[in-house]
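Please read the structure below before turning to the comments.
The values are calculated or read from the model by the stated rules, or taken from the named source; none is laboratory data. Just so you know, these numbers come straight off a predicted model, no measurement behind them. Methodologically, a virtual Cβ is constructed for each residue, glycine included, from the backbone with ideal geometry; neighbour enumeration extends over all protein chains shown. Remember, those area values only see protein heavy atoms, side chains included, never the ligands or the DNA or RNA. Shrake-Rupley method; radii C 1.70, N 1.55, O 1.52, S 1.80 Å.
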Amino acid sequence: MQLEQRYSAGDQTWRSDRGTARGRSFRSARRHSRWVRLLRYALPGIVGVVVVGYALFSWLNPFAALPENASAANMVISGTRVTMDLPKLAGYTRDGRHYELVATAATQDLKKPSLIELKDIRAKVEMRNGNSVDVRAAAGLYDTKAETVAMQDDVYVVSSSGTEIRLKEAMIDMRKGHVLSQRPVEVMLTNGRINAQGLEVSESGAVMNFTGGVAVEMNNAVPLAVSEGAR
Amino acid sequence: QEFNPGEPIKITSRTSSINETNGAATYAGDVSAMQGSLVFEADKLTVFYAGGKVPAVGDFVPADQVTRIEGAGGVFVTFNDQVGSANAVVYDLKAKTITLIGNARATQGDNVTTGSRVMFNIATGVTPVGPEQRGDLPAAVQPAAPGVLR
């Protein structure tokens, strides 16, 4: 049976024909029209998303140690909704890495106190190797009970190492160190790029599964001896 | 023409998984990988890095090179007018060799080489090296897969 599948990853589409006798067609047109890439290394930034979860968790969870300074411009109460303007927070993650987080607003509905809506999140988190990661998201819903943070509307993670990650959404489960995104993801590496329709990060970053059609490109150029120092 | 293993490598697949613990990135589901005019197709492809360690998420590790790619399941390899097929393939970028494993078959023009293992050496131009049997099959018997030949 001639099986023809059409997958699209991001904006490009490619076609793979499976010949009946497991033969495959090698139309050079398909090759030219197809844009394919190879990953060189994993998503240094994605852990930023996980760590920010920790930061939020330790800040907003009354049982966790309060970071040394948390402040907000002012507090507005309307009905059962309490809104803090320009909440700002700095502190250390559980494994001792500094983080800073600001949002334009943090709103809690006293009827559902475990849910906190955050607007325009910007966080900076130090990484184990001295790099830092900036995370931005237009909106986020932090569930203190479930210990999850759902970041929506263009989550953008950039690491000082030069890696950038763009997600449409990121569901962070802080307890499990798990991040899930079921919408297009793009990872820009200093020497490569990954596009996929979905991403799942588990074991707090050790395993990353890209799903739904993946296209990876990596510049695998053999480093010239002279550039050895430049690594 | 001269082949440069340093060229960018591009892969598409249905899914991909990067596992820091075993230091490999696997691609599954109609996988196709290209490096210059070298093309691999397989059901599954595993990519290994120098130092056998996929840099951990969060820790930026200077870009390591891909040292080895293993493919399994309906493997097809093409390089210019060379076509290879087998159950599995190992592409050793350092040694610049492509080894077809398991009812391996390599075709260049009228010249067909088959065996349980057929090895290509990219450095010296892709020519079958160390096949178990080698025979020039009469044209009639040649693979009729449409479009496989140029």
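I'd like the FRET efficiency for A:VAL82 and A:ARG183, computed as 1/(1 + (r/R0)^6) with the beta carbon distance as r and R0 of 25 Å, rounded to 0.05.
Computed FRET efficiency for A:VAL82 and A:ARG183: 0.20.
Calculate, for B:ASN121 and A:SER202, the FRET efficiency according to 1/(1 + (r/R0)^6) with r their C-beta to C-beta distance and R0 41 Å; round to the nearest 0.05.
0.55
Which value, in Å² and to the nearest 10, is the accessible area of A:ILE77 when all protein chains are kept and the probe is 1.4 Å?
Looks like 120 Å² after rounding.
Going highest first, how would you order A:193-200, A:162-169 by mean Cβ packing within 10 Å?
Packing order, densest peptide first, comes out as A:193-200, A:162-169.
Along the Cα→Cβ direction, 7 angstrom out, place labels at A:ALA73 and A:TYR92. What is the inter-label distance in nm?
Computed distance between label sites A:ALA73 and A:TYR92 equals 3.1 nm.
Can you pull the mean other chain C-beta count within 10 Å for peptide B:83-90?
Neighbouring Cβ atoms belonging to other protein chains average 1 per residue here.
Treat each spin label as a single point 7 Å out from the Cα along the C-beta direction, and report the B:ASP81 to A:LYS119 distance in nm.
Distance between label points: 6.8 nm.
Multiply the residue separation of A:ASN191 and A:LYS112 by 0.36 nm, subtract the distance between their alpha-carbon atoms, and state the gained length in nm to one decimal.
Roughly 23.9 nm would be gained on extension.
Label-point separation (nm) for B:ASN111 and A:ASP154, each offset 7 Å from Cα along Cα-to-Cβ?
Spacing of the two 7 Å Cα→Cβ label points: 5.7 nm.
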